[in-house]
Protein chains: 2
Amino acid sequence: ARPRVGYFFTGKTGFELLSEKLKEVKVRDFQSIPIVIKENDSVYDAISKMFLEDVGTLFVVDDQSLLTGVVSRKDLLRASLGNQELTSLPVHIIMTRMPNVTICRKDDYLIGAAKQLINKQIDGLPVVEDTEKGLQVIGRITKTNMTKALVEFTSNDNLQGG
Amino acid sequence: ARPRVGYFFTGKTGFELLSEKLKEVKVRDFQSIPIVIKENDSVYDAISKMFLEDVGTLFVVDDQSLLTGVVSRKDLLRASLGNQELTSLPVHIIMTRMPNVTICRKDDYLIGAAKQLINKQIDGLPVVEDTEKGLQVIGRITKTNMTKALVEFTSNDNLQGG
């Protein structure tokens with residue numbers, strides 16, 4: 001009796017096992033570093049930073065580096081269409097403000113974060129850590145990370161290890 | 001001897017089996033409808049359409065509806081920062097032009113398209129069909145589709161069916 005016999009016999013439980021395994025992957029396993037901007041920085045600065053860092057979402061923080069909001073490429077595009085002077089318009093005017101920002105934590109399940117991105121129709125989430133003063137931004141998780149996860153999950157090598 | 005015995009015995013081959021199955025998923029299984037714009041339409045029209053349709057990438061076509069280029073949210077944001085009149089600037093001036101556009105076809109593997117998105121650092125690809133006159137755009141595949149695929153792949157129900 002070589003393993004190949006069991007392979008056909010328990011295919012379905014094999015699927016369940018892998019599916020369970022994928023469900024256990026955490027945000028921390030795929031998160032990227034966060035790109036932040038101060039809430040009094042201008043919309044122009046935000047756009048520049050977005051190009052410089054090549055990200056689609058910036059996290060907005062206050063003087064204590066605590067999360068106060070989020071701006072997306074879409075928010076900035078909308079602002080740039082208005083007749084406003086972008087260098088004097090502070091980013092906090094156009095940002096999505098806490099508590100309306102969808103957040104996640106590094107020990108959340110990756111699939112939970114993926115579902116949030118789909119349901120809220122957003123491109124990225126800040127990964128936060130709770131402190132006494134408020135929420136510290138420690139990472140970002142985006143549709144790019146999800147696409148990378150999809151590619152990794154279909155590579156046998158990466159699945160059988162852990 | 002219940003299946004559970006084989007479950008532990010052949011876990012690894014179960015992984016391989018599912019991984020193989022995921023690799024067989026095609027672009028057609030997850031693609032969305034394409035949003036197109038004519039190459040002589042203005043950048044302002046393109047931005048309006050992007051908001052109206054809520055997409056991150058527009059495909060640019062000629063008078064015969066053949067693919068000639070692509071514009072991303074990033075391209076439009078860059079254009080809107082310039083001192084140009086957006087209503088009189090045609091989209092073909094700022095688009096990424098064929099043959100520099102990464103394309104895919106509906107029978108390509110989804111994972112292949114995912115790798116293209118990662119490697120080329122883009123958010124979406126046009127799904128094209130070859131005709132005698134040129135490439136017809138029949139769909140789009142984006143990081144949003146990849147995120148949805150990731151969520152579906154971790155649902156047992158969707159995997160064991162086909």
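The values are calculated or read from the model by the stated rules, or taken from the named source; none is laboratory data. Note that the structure is predicted; figures quoted are calculated from it, not measured. In this analysis, Cβ positions are derived from the backbone assuming ideal geometry, glycine residues included, and neighbour counts consider all displayed protein chains. Areas reflect the complete protein model, heavy atoms only, side chains present, ligands, DNA and RNA absent. Shrake-Rupley method; radii C 1.70, N 1.55, O 1.52, S 1.80 Å.
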*Consider just the alpha-carbon atoms of the stretch B:21-155 and return their Rg together with their Dmax, both in angstrom.*
15.2, 51
*Which net charge results when you count Lys and Arg as +1 and Asp and Glu as -1 among the other residues whose beta-carbon is under 13 Å from that of A:ASP41?*
-2
*Got a sec? Which residues of the stretch B:106-122 lose 10 Å² or more of accessible surface with every protein chain in place, vs. that chain alone, 1.4 Å probe?*
B:ILE111, B:ALA114, B:LYS115, B:ILE118, B:GLN121
*Report the antiparallel proportion of the DSSP beta bridges in the stretch A:22-160 as a percent, rounded to a multiple of 5.*
80
_So, R0 is 25 Å and r is the distance between the beta-carbons of B:ASN40 and B:GLN84; what FRET efficiency does that work out to, to 0.05?_
0.95
*asked:* Give the average, rounded to an integer, of partner chain Cβ atoms located within 10 angstrom of each Cβ in B:68-80.
replied: 3
*Excluding A:ARG105 itself, calculate the net charge of residues whose Cβ lies under 11 Å from the Cβ of A:ARG105, where each Lys or Arg counts +1 and each Asp or Glu counts -1.*
-1
_Within 10 Å of each Cβ in B:37-45, the average number of Cβ atoms from other chains_ = 0
*Using modelled amide H (1.01 Å from N, peptide plane; none on Pro or chain starts), what sits under 5 Å from the amide H of B:LEU135, excluding residues fewer than 5 places away?*
B:LEU67
*Candidate lysines for bridging to A:LYS133, where Cα separation is under 21 Å - those fewer than 8 sequence places away on the same chain excluded*: A:LYS38, A:LYS106
*Excluding A:ALA114 itself, what net charge comes from residues whose Cβ is under 9 Å from its Cβ, given Lys and Arg +1 and Asp and Glu -1?*
+3
_Take the residue pairs A:LYS74/B:LYS26; A:LYS120/B:LYS143; B:LYS21/B:LYS148; B:LYS49/B:LYS74; B:LYS21/B:LYS143 and return only those whose Cα atoms are more than 24 Å apart._
A:LYS74/B:LYS26
*asked:* Defining the label point at 7 Å along Cα→Cβ, can you sort the distances from B:THR102 to the same site in each other copy, shortest first, in nm?
replied: 2.5
